[in-house]
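Asks: Here's a structure for you.
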Amino acid sequence: MPVLLNAVLRNWKNGNVPEISHKNGALIATFSDGVRTQLANGQALKEAQCSCGASGMCRHRVMLVLSYQRLCATTQPTEKEEEWDPAIWLEELATLPDATRKRAQALVAKGITIELFCTPGEIPSARLPMSDVRFYSRSSIRFARCDCIEGTLCEHVVLAVQAFVQAKAQQAEFNHLIWQMRSEHVTSSDDPFASEEGNACRQYVQQLSQALWLSGISQPLIHYEAAFSRAQQAAERCNWRWVSESLRQLRASVDAFHARASHYHAGECLRQLAALNSRLNCAQEMARRDSVGEVPPVPWRTVVGSGIAGEAKLDHLRLVSLGMRCWQDIEQYGLRIWFTDPDTGSILHLSRSWPRSEQENAPRDKTSAI
């Protein structure tokens, strides 16, 4: 459950439940600390006015909706909760701008896997490779929120709705499901290594892995420089994001060993090397199960990260710092900072490094001299 919802639950547990009222068609939540949140009729949740000062989503906006839902549930205890049917939004999705729908179909054409959550009593949500979508209302799509830069009614919301509709058509009741959306031009039983590019990527990764297993990482860099380059280029030609990222992380660990970096860990390097081979073996097994009519736990495209973009534009976030770590080696020094997004609970990692030759010119802490 996201950090923001945990904060909401803590407030409920502590008795800080807002007073719900109506005025001129607007829903108003008044909190004990004086904060007042107002949601007008036909207004998206993100557009609600809140006196706490938050420009985007905040716990008061979420508590307004959830408190109202709980109030309605307690005032009508005899009525059975109506089953959520996301298909009612398909007609509304058809009215979205052509550019939004084209971006959604472009993602489907590449083959995209969406993780769906629909636990009774909780907020339905969809986890896409580069963004998360949450449906704060089961009756209005205007309350769907995405953490991308658009915020709502974007291509990710379109894909989330379509995925829920397709999944519920085949499996009416589920709490958690991994759903793969395929283009009509992509067959379900294709082999990731049947193509020349896929087979070459596997061979180059195996050659690199064998060189590192047999000779270790203490050998001179020139001995496996070409092997790293061939494997990395092959993964990028296949557009297998997680394979190329795994190679990049493994190369960074090997370089950290040779640079005697303070952040090098032998166990982490070993895990990265083992996971690189396991990822390709897992993709082969998932494709085999799919080819014989068995539903694989995870589609092979998800395992290799097929077609996933390297970056995505996110909305302005109110991040909370989790801490910082400084490091250095014989050539560079740097720092790593971790943040969390209270809305989604996602972790953001930022890192930067500088040549040690510039360290003498770096700003110094003057507090010790005071």
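Values quoted throughout were computed directly from the atomic coordinates according to the rules given, and no laboratory measurement underlies them. From a predicted model like this one, the values you see are computed outputs, not experimental measurements. Backbone-built Cβ (ideal geometry, glycine too); neighbour counts: all protein chains shown.
Asks: Where does each of ARG134, ARG145, ARG241 land when they are ranked from fewest to most other beta-carbon atoms within 10 angstrom? Present the calculation step by step, with values, prior to reporting the outcome.
Replies: On the way: ARG134 25, ARG145 28, ARG241 19.
The most exposed by this proxy come first: ARG241, ARG134, ARG145.
Asks: Averaging sequence separations of C-alpha pairs under 8 Å and six or more residues apart, then dividing by the length of the range 87-146, give the relative contact order as a whole percent. Kindly include the intermediate steps, with their values, before the conclusion.
Replies: Numbers: 52 pairs, mean separation 11.1, N = 60.
Relative contact order of the range 87-146: 18 percent.
Asks: Between GLN170 and ARG260, what length comes free when the chain is fully extended (0.36 nm per residue of separation minus the Cα-Cα distance, one decimal in nm)?
Replies: Numbers: separation 90, 0.36 × 90 = 32.40 nm, distance 5.40 nm.
That pair, GLN170 and ARG260, stretches by 27.0 nm at full extension.
Asks: Rounded, prolate or oblate: which fits the range 86-181 when a ≥ b ≥ c are the square roots of the eigenvalues of the alpha-carbon gyration tensor, with rounded for a/c under 1.5 and prolate only if a/b beats b/c?
Replies: Working: a/c = 1.44, a/b = 1.23, b/c = 1.17.
Judged from the Cα gyration tensor, the range 86-181 comes out rounded (a/c under 1.5).
Asks: Same structure, new question: Sorted by mean Cβ packing within 10 Å, highest first, what order do the peptides 211-220, 246-255, 192-201 take?
Replies: Numbers: 211-220: 13.0, 246-255: 19.5, 192-201: 16.9.
Taking the mean over residues of other Cβ atoms within 10 Å, the ranking is 246-255, 192-201, 211-220.
Asks: Run the simple label-point estimate for TRP354 and ASP85 please: 7 Å along Cα→C-beta, distance reported in nm.
Replies: Going by the 7 Å Cα→Cβ label model, 6.2 nm.
Asks: At R0 = 56 Å, how high is the FRET efficiency between ALA194 and ASP33 if r is their beta carbon distance? Nearest 0.05 is fine.
Replies: Details: r = 62 Å, r/R0 = 1.10.
Once rounded, the FRET efficiency stands at 0.35.
Asks: Expressed in nm to one decimal, what extension gain is obtained for the pair VAL295 and CYS52 from 0.36 nm per residue of sequence separation less their Cα-Cα distance? It would help to have the intermediate numbers written out before the result.
Replies: Numbers: separation 243, 0.36 × 243 = 87.48 nm, distance 4.77 nm.
Fully extending the segment from VAL295 to CYS52 adds 82.7 nm.
Asks: Still on this structure: Return CYS52, CYS72, CYS146 ranked ascending by Cβ neighbour count within 10 Å, so the fewest neighbours appear first. The partial results should precede the final answer.
Replies: Working: CYS52 14, CYS72 11, CYS146 25.
In increasing order of surrounding Cβ atoms, one gets CYS72, CYS52, CYS146.
Asks: Can I ask one more? What order do you get for TRP240, TRP327 when you list them from fewest to most C-beta neighbours inside 10 Å? Each step should come with its number before you reach the end.
Replies: Details: TRP240 27, TRP327 16.
The most exposed by this proxy come first: TRP327, TRP240.
Asks: Right, here's the next one. Projected area of the range 196-304, taken from the Cα convex hull and averaged over every viewing direction, in nm²? It would help to have the intermediate numbers written out before the result.
Replies: Values: hull surface 28.5 nm².
Result: 7.1 nm².
Asks: Continuing with the same structure: First obtain the Kirkwood hydrodynamic radius of the range 236-276 from its Cα pairs, then insert it into the Stokes-Einstein equation at 4 °C and 1.567 mPa s, and state the resulting D in µm² per second as a whole number.
Replies: The diffusion coefficient I find is 122 µm²/s.
Asks: If each residue of separation counts as 0.36 nm, what is the full-extension length gain between TRP327 and LYS110 once their alpha-carbon separation is subtracted?
Replies: On the way: separation 217, 0.36 × 217 = 78.12 nm, distance 3.88 nm.
Going from the current span to full extension adds 74.2 nm.
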